[in-house]
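A short reminder: the numbers here are calculations on the coordinates, not readings from a lab. Since we're looking at a predicted model, the values are computed, not measured. Every residue, glycine among them, receives a Cβ derived from its backbone with ideal geometry; neighbour counts consider all protein chains shown.
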Amino acid sequence: MDDIRPEFPNIPGRISGLGRLAYNLWWSWHPAARMLFKSLHRTAWKESSHNPVKLLKELPPEILENAARDQEYLRHYDVVISRFQKEIGARGGWFPENIRSECPLPIAYFSAEYGLHHSLPFYAGGLGFLAGDYLKECSDLGVPLVAVGFMYPDGYMRQRIRADGWQENIDEPIDRDSALITRVLDDKGQHLVVRVPFIEPPIHVSVWKVYVARVPLYLLDTDIEQNSPWNRGISAHLYIGDIEQRLRQEIVLGIGGSEVLNVLGIRHSVLHLNEGHPAFALLERIRERIAGGTSYETAVEAVKATSVFTTHTPVPAGHDVFPFYLMDKYFGNYYQMLGLTRDAFFRLGVHPEDPNAGFNMTAFALRMTDYRNGVSRRHGEVARRMWHSLWPDRAEEDVPIDAITNGIHVPTWIEPKVELLLNRYLDPGWLEDHDDPVIWEMIDDIPDRKLWEVHYWLKMKLINFIRNRSRIRWVEDSVNPVNIVAGGTLLDPSALTIGFARRFAEYKRADLIFSNLERLKRLLNNTWQPLQIIFAGKAHPADDNGKRILQRVFQFAQDHSLGGRIAFVENHEEQLAQYLVHGVDLWLNNPLPPMEASGTSGMKASLNGVPHLSVPDGWWPEGYNGKNGWIFGSGEGEGRDDADALYSVIEKEIIPLYYRADEEGVPVSWVKVMKEAMKSTAPMFSTRRMAKEYAMKFYQKALASQDGVSGVCRP
Ligand SMILES: *Cc1c(COP(=O)(O)O)cnc(C)c1O
């Protein structure tokens, strides 16, 4: 069984490697490979949303033929393709060199979303980017991972803000034929369709594959003819609001996903669940062992010893709980195969503090895995408190939930111009060893002016990008001028610029900085030392509270008295996120503690010399060192004084520092904070450090106790 990567008949033989390269996301974090596509035709590259498959399909043959005769292009092509082939074909890496295991089977990683690139809209926010960055890193380190998720055919929605500030969602169905996904084929050469077992009436999924360098990602798609309309809609959107459809989504992901791996002949040694949505995969692991003749107790022990669960949500409402009547409807036949009574089965998912609420996916996953973690030190503490009742005999600090702090994939999030600067001043192997703090010490050798010039250029680039979007809306949609201003037309590159871009969930408090409007206005409208703030982010379509906060922020952006110094940029996605985390001066994060499990956008900013200004929540209590950014608020209680604390730190520390420039106009004291931000956060908050931690704390032990489902690995 194999997959096909469609041929591109228009590509001349001499550069036919472009086709294979296009279908492997490896290109997305290698600037030289991106340039290979971009230099074919800059405008077409932009119009394709940086999707090389679409680009290659649509380019006129002459352009490709010219490239195939251009000596300079060919030299560049040969270098990139040769490196690509070497890296993709390699077997080695940090993981095989450091983690000893007799078992050659891969680790299966399940997640409901993946943020890999803006042309693959299979994510909602931070959880997805974490998963996407993790796959890339596992490929870089040679971790033998196989990933499973959903192909959401309606992607996420494009966000449009109405004149009154209310968010509207426009579906943008994905064009499967020009997306960076390939069909997995069955023995007859047809698109592989798998039946989700044990569900009546049946649900079918077709299977797609994304190449994330060396890591394969299999995506399930229910939008196929074999399915009834209700079933077709299962994978339409991320996190469907309707509870029954949500349950069906998670059954398809966990149980259907396991079946897809079976049908593909992919057995796995260890299972890693990214959040509770795919936790039904644990049931399949248990059921298969029982079907092989093992007792329930032995099967559960074996599954626990080889399963890893990462929880991401300190918000109680963020955990999926399915009512028992729905569990009855879908699992009425299933629990018998496990040899369990209805009662014993439901008890696996009961939260002791609220036993009648239903089947709690997090409680279930915590019970059925031996390796569990929160995603920052602080979140580990919160999770131990939150789930203490599952281990009532233990002291809270002994609740067996560890912490592995999230990170970001450095090659993906470092801006190419910043990368070039680091190439000049750091050790030549810095990117290879970027989780080693020593490598970053040499940042101090970069002349302040050089770093500031690069930063200023990126800020101009961001503001031009935003203004250009507004211009397009103005020209094409005749949008009301007030909204064009709200979109950022009056942004000023010389003003201190704060960025705030994330999902508009209530606990993130996007409107905190508007708490004392008069005080804020004094900062915004200061003639000599102005402040401006750029907002972006989507509210979940079912979250009216989030939409109201967004509306409030948007109305401030429209307000004449705020001087056009508040901008709201529509449709936050990966590309805009890149511009923002590279181009603003300061990254603001003010959730209500302890609701932020980790947060990663501040890591992306700090890596590029954009310091973080945050409440002590998520990763920041670990990241902050007194010199690399700012912390404000108490981090406890209702957070009532957080706004005051925020204004104070901006007025007293940040503005004076930012506007204190030397005679050449370089704010040298500010640049010192920028450098400190880069060197103190980049190594620690990388997915490289994070993946190594998962490997050493969890995978190594889980691999040592693997039973490889009915002894595949153990002779
Ligand atoms: C990194 C990223 C996030 C995560 O942001 P946090 O609020 O810091 O968790 C969300 N959306 C996009 C597009 C991102 O790139």
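What to note about this one:
- Two-decimal Rg to Rh for the range 562-715 - Kirkwood Rh, Cα set: 1.12
- Förster radius 51 Å - calculated FRET efficiency between K57 and Y296, Cβ distance, rounded to 0.05: 0.45
- In this simple spin-label model, placing a label point 7 Å from the Cα along the Cα-to-Cβ direction at both E97 and A163 gives a separation of 6.3 nm.
- Dimensionless Rg/Rh of the range 309-348 - Kirkwood Rh, Rg from C-alpha atoms: 1.08
- Here the contact order of the range 570-712, divided by its residue count and restricted to Cα pairs under 8 Å and six or more residues apart, works out to 21 percent.
- Ignoring the sites themselves, the chain has its longest run without GluC sites (Glu not before Pro) in a DSSP loop having at most 10 other Cβ atoms within 10 Å at 226-635.
- Value in Å of the Kirkwood radius, where the chain supplies the Cα pairs that are averaged: 26.6 Å
- The calculated FRET efficiency for R522 paired with W457, based on their beta-carbon distance and R0 = 35 Å, is about 0.70.
- Convex hull of the range 337-379 built on C-alpha atoms - directionally averaged projected area, nm²: 4.1 nm²
- Calculated SAXS-style log₁₀ I(q)/I(0) at q = 0.12, 0.18, 0.21 Å⁻¹ - the range 207-320, Debye, Cα scatterers: -0.51, -1.09, -1.31
- The packing ranking of peptides 399-405, 529-535, highest mean first, is 529-535, 399-405, where packing means the average number of other beta carbon atoms within 10 angstrom of each residue.
- Of the trypsin sites (Lys or Arg not before Pro) in the range 186-225, the ones in a loop by DSSP (not H, G, I, E or B) with at most 15 other beta carbons within 10 Å are K188.
- The alpha carbon radius of gyration of the range 369-422, expressed as a multiple of 2.2 N^0.38 Å, is 1.73.
- Dimensionless Rg ratio for the range 138-205, taking C-alpha atoms and the 2.2 N^0.38 Å reference: 1.66
- Axial C-alpha extent at least 18 Å, average Kyte-Doolittle at least -1.0 - helices from the chain (DSSP): 71-89, 126-141, 448-477, 544-558, 668-681
- Pairwise centroid distance, computed over Cα atoms, of the range 253-308 with the range 405-457, Å: 41 Å
- The alpha-carbon atoms of the range 598-640, seen along their principal axes, cover 32, 20, 16 angstrom, with the largest extent given first.
- Using 0.36 nm per residue and subtracting the Cα-Cα separation, the extra length available between Q529 and Q85 on full extension is 154.6 nm.
- Distance (nanometres) between label positions extended 7 Å along Cα→Cβ at D343 and D402: 3.7 nm
- Per residue of the chain, the DSSP helices (runs of n ≥ 4 H) give a summed -39500 (n - 2.57) that works out to -11000 deg cm²/dmol at 222 nm.
- For the range 478-615, fraction of C-alpha pairs farther apart than 20 Å, in %: 44 percent
- Relative intensity, log₁₀ I(q)/I(0), of the range 607-673 from a Debye sum that treats every alpha carbon as a point, q = 0.22 Å⁻¹: -0.98
- Placing a label point 7 Å from the Cα of E244 along the Cα-to-Cβ direction, the residues of the range 189-204 whose backbone N falls under 17 Å of that point are 199-203.
- Length released on extending from D427 to R394, taking residue separation times 0.36 nm less the Cα-Cα span: 7.1 nm
- For the range 299-447, dividing the convex hull volume of the Cα atoms by the residue count gives 176 Å³ per residue.
- In the range 107-165, the alpha-carbon atoms span a convex hull of 87 Å³ per residue.
- Loop-resident trypsin sites (Lys or Arg not before Pro) (DSSP state other than H, G, I, E or B) in the range 542-648 with no more than 12 further Cβ atoms inside 10 Å of their Cβ: K627, R640.
- Sequence-distant contacts, meaning Cα pairs under 8 Å at least 6 residues apart, place the relative contact order of the chain at 14 percent.
- Low-density loop positions, trypsin sites (Lys or Arg not before Pro), the range 350-436 - DSSP coil, at most 12 other Cβ in 10 Å: R394
- Cβ-Cβ FRET estimate between N356 and R195, R0 fixed at 56 Å, reported to 0.05: 0.95
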